[in-house]
Amino acid sequence: MAAGYPDIDIAPFIDHALLTPTATPEQVEQWCEQAYRFNFAAVCIYPTYVKQVAELLKGKKPKVCTVIGFPTGATTSAVKLYEAQEAVENGATELDVVLNLGWLKVGKTEEVHREIAEICEETGQTVKVILETSLLTDAEKKLAAEICMDAGAAFLKTSTGWNGGATVEDVHFLKELVRERIGIKASGGIRTHEQALDLIIEGATRLGTSRGIDLIRQRDNLKKGE
């Protein structure tokens, strides 16, 4: 382990993400095998692959996670709700829902709240709301966090990864806001084991990354003293 870092196993924090537009069923199967082998928290894929992942992970520990309204959050509330409900019917147990940033920025707080609350209530599953923190002011992050907590979200997620990634500063800021009432998922641009540890130390309870295997290899190399 790197000097000065606590001995934290990052594997149970990882949502093993495969969100490239060219993802294939063969890659999805590989991601599921890796998530099971390394004890990752979840496999996060597009809705089109939820049924396949649910079948591959049946009776296994990793959860089935998918994205809703991804990556812009600008689809209508009815479409998001349908997408979420269909995903749950196909076996998803966690939903990473992109916040409607345009609504938030113009003060349509009731609409933002209603959209998230409906998905939480109608699906009954774990909802992680993607804030896209790189596009928000601190005041907007605070407002979004308050809305999402009140609406029933289980996690705040920093980013889609399409507009910048997770930062230690944002995770710390969100931790101060939520005060352990809900989880924090740091996502986007997590490339090193040390970065993953920094995010966990600051308050991240999940890590969204497509580089989970690389992070585990880095961890193992550090333990070997390489």
For this session: Write down the accessible area per residue of the chain in Å², having rolled a 1.4 Å probe over the full set of protein chains.
Result: 46
For this session: Write down the radius of gyration of the chain and its Dmax, each obtained from C-alpha positions, in Å.
Result: 16.8, 53
For this session: Report, to the nearest whole %, how much of the accessible area of the stretch 89-154 belongs to carbon and sulfur atoms, 1.4 Å probe, protein only.
Result: 46
Exercise. What value, in deg cm²/dmol to 500, does the helix sum -39500 (n - 2.57) over DSSP H runs of n ≥ 4 give at 222 nm once divided by the residues of the chain?
Worked result: -14000 deg cm²/dmol
Exercise. Using heavy-atom solvent-accessible surface (probe 1.4 Å) with all chains present, what is the largest-first order of His193, His113?
Worked result: His113, His193
Problem set entry | For the chain, cysteines whose Cβ has no other cysteine Cβ within reach (under 4.7 Å) | Cys32, Cys120, Cys148
Problem set entry | Reciprocal of mean inverse Cα separation for the stretch 1-58 (Kirkwood radius, Å) | 12.4
Exercise. How big is the gap, in Å, between the Cα center of the stretch 129-149 and the Cα center of the stretch 167-186?
Worked result: 11
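Could you please state how large a percent of the accessible area of the stretch 178-226 is carbon and sulfur, counting protein chains only and using a 1.4 Å probe?
40
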For this session: Determine which residues of the stretch 129-171 fall in the zone a paramagnetic label at Ile8 would reach in this model, i.e. backbone nitrogen under 14 Å from the point 7 Å along Cα→Cβ.
Result: 167-171
For this session: Take the Cβ-Cβ distance between Leu222 and Thr137 as r, set R0 to 35 Å, and report the resulting FRET efficiency rounded to the nearest 0.05.
Result: 0.40
Exercise. What nm distance separates the two modelled labels at Lys58 and His172, each placed 7 Å from Cα along Cα→Cβ?
Worked result: 4.7
Seminar exercise, completed: GluC sites (Glu not before Pro) in the stretch 113-186 lying in a DSSP loop, each with at most 11 other Cβ atoms within 10 Å of its Cβ, come to Glu180
Exercise. Put +1 on the Cβ of each Lys and Arg and -1 on the Cβ of each Asp and Glu in the stretch 78-127; which of Thr126, Gly102, Val112 then has its Cα farthest toward the positive end of the dipole?
Worked result: Gly102
Seminar exercise, completed: Going residue by residue through the stretch 95-111, the Karplus relation 6.51 cos²θ - 1.76 cosθ + 1.60 with θ = phi - 60° gives ³J(HN,Hα) values, rounded to whole Hz and with x marking Gly or Pro, of 10, 9, 9, 7, 5, 7, 5, x, 4, 4, 5, 9, x, 7, 5, 5, 5
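About its Cα centre, how strong a charge dipole does the stretch 153-226 have in debye, to the nearest 20, once Lys and Arg get +1 and Asp and Glu get -1 at the Cβ?
Using Cβ point charges on Lys, Arg, Asp and Glu, the stretch 153-226 gives about 280 debye.
The values are calculated or read from the model by the stated rules, or taken from the named source; none is laboratory data. None of these values were measured; they are calculated from a predicted model. Neighbour counts are summed over all protein chains in view; Cβ atoms, including those assigned to glycine, are modelled from backbone coordinates with ideal geometry. To get the accessible areas, we keep the full protein, side chains included, count just its heavy atoms, and leave off ligands, DNA and RNA. Shrake-Rupley method; radii C 1.70, N 1.55, O 1.52, S 1.80 Å.
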